[in-house]
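Here's the structure, in structure tokens; my notes come after.
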Amino acid sequence: MSTLAALAFAASVSVAGNAPAPPAAATPAPTIDCKQAATQIELDYCAGLDFKAADAKLNALYQLLMTKYDVQNQALLRAAEEKWIAWRDTECAYETALTVGGTIHPMMDTMCTTEKTLAHIKELERERDCQEGDLTCNPPG
């Protein structure tokens with residue numbers, strides 16, 4: 001084998017040797033009791049679950065309101081929600097600035113976004129429940 005061919009063969013073996021392994025059979029997610037979470041990884045995971053639940057509730061409420069509003073109010077709600085998300089994320093970056101770089105930061109940021117999301121759900125529930133004639137809210141439908 002020529003030197004060039006040997007180098008090409010060695011390179012192909014090296015590349016093949018670094019290729020990702022084929023996907024293994026799906027393994028179940030670890031079971032973590034969030035009431036007993038002790039490590040930072042467990043705390044991060046549990047904070048993520050809390051946010052995921054709040055975000056799902058917020059998204060469902062948003063979708064419900066969008067089905068009840070006319071086109072003009074849908075556009076207003078969409079714009080308000082886009083700005084609210086930007087505010088929430090910026091506010092949480094500000095509130096958690098002292099933890100940036102620490103292992104606790106992801107959890108603190110997630111807890112902040114969860115707190116803001118839960119508060120916003122209450123605001124949107126008020127809009128959802130707004131009655132015709134109430135000038136302090138925007139009644140759907």
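The values are calculated or read from the model by the stated rules, or taken from the named source; none is laboratory data. As the structure is a computational prediction, the values presented were derived from the model and not from experiment. Glycine gets a Cβ as well: all are built from the backbone with ideal geometry, and neighbour counts include every protein chain shown.
Scan the stretch 54-71 for residues that are farther than 16 Å from LEU124 by Cα and in a helix (DSSP H, G or I) and report the count. Going through the stretch 54-71 one residue at a time, the tally reaches 1.
Only one of the listed residues (ASP89, ASP33, ASP50) is modelled with pLDDT of 95 or more and either surrounded by 15 or more Cβ atoms within 10 Å (Cβ to Cβ) or outside any helix (DSSP H, G or I) (or both). That residue is ASP50.
Summed over the stretch 68-103, the residues that are touching a Pro at 6+ places or on another chain (Cβ under 7 Å) and either farther than 28 Å from PRO139 by Cα or of a type outside the set (D, E, K, R) (or both) give a count of 1. In this structure, TYR45 qualifies as aromatic (Phe, Trp, Tyr), assigned to a helix (DSSP H, G or I) and surrounded by 14 or more Cβ atoms within 10 Å (Cβ to Cβ).
Conditions (1) part of a helix (DSSP H, G or I); (2) surrounded by fewer than 15 Cβ atoms within 10 Å (Cβ to Cβ); (3) of a type in the set (A, V, I, L, M), marked per residue:
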site: ASN73; (1), (2), (3): yes, no, no
site: TYR94; (1), (2), (3): yes, yes, no
site: GLY101; (1), (2), (3): no, yes, no
site: MET107; (1), (2), (3): yes, no, yes
site: THR110; (1), (2), (3): yes, no, no
site: LYS116; (1), (2), (3): yes, no, no
site: HIS120; (1), (2), (3): yes, no, no
site: CYS130; (1), (2), (3): no, no, no
site: THR136; (1), (2), (3): no, yes, no
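Scanning the stretch 60-113 for residues that are in contact (Cβ under 8 Å) with a residue 24 or more places away in the chain and hydroxyl-bearing (Ser, Thr, Tyr) yields TYR62, TYR69, THR103, THR110, THR113.
Return yes when THR99 is out of contact with any helix residue (DSSP H, G or I) (no Cβ under 7 Å at 6 or more places or on another chain) and among the polar types (S, T, N, Q) and no when it is not. No: the conditions fail for THR99. When the test is whether a residue is hydroxyl-bearing (Ser, Thr, Tyr) and in contact with a Gly (Cβ under 7 Å, 6 or more places away or on another chain), THR110 passes it. Summed over the stretch 53-71, residues that are among the hydroxyl-bearing types (Ser, Thr, Tyr) and loosely packed, with under 13 Cβ neighbours inside 10 Å total 1.
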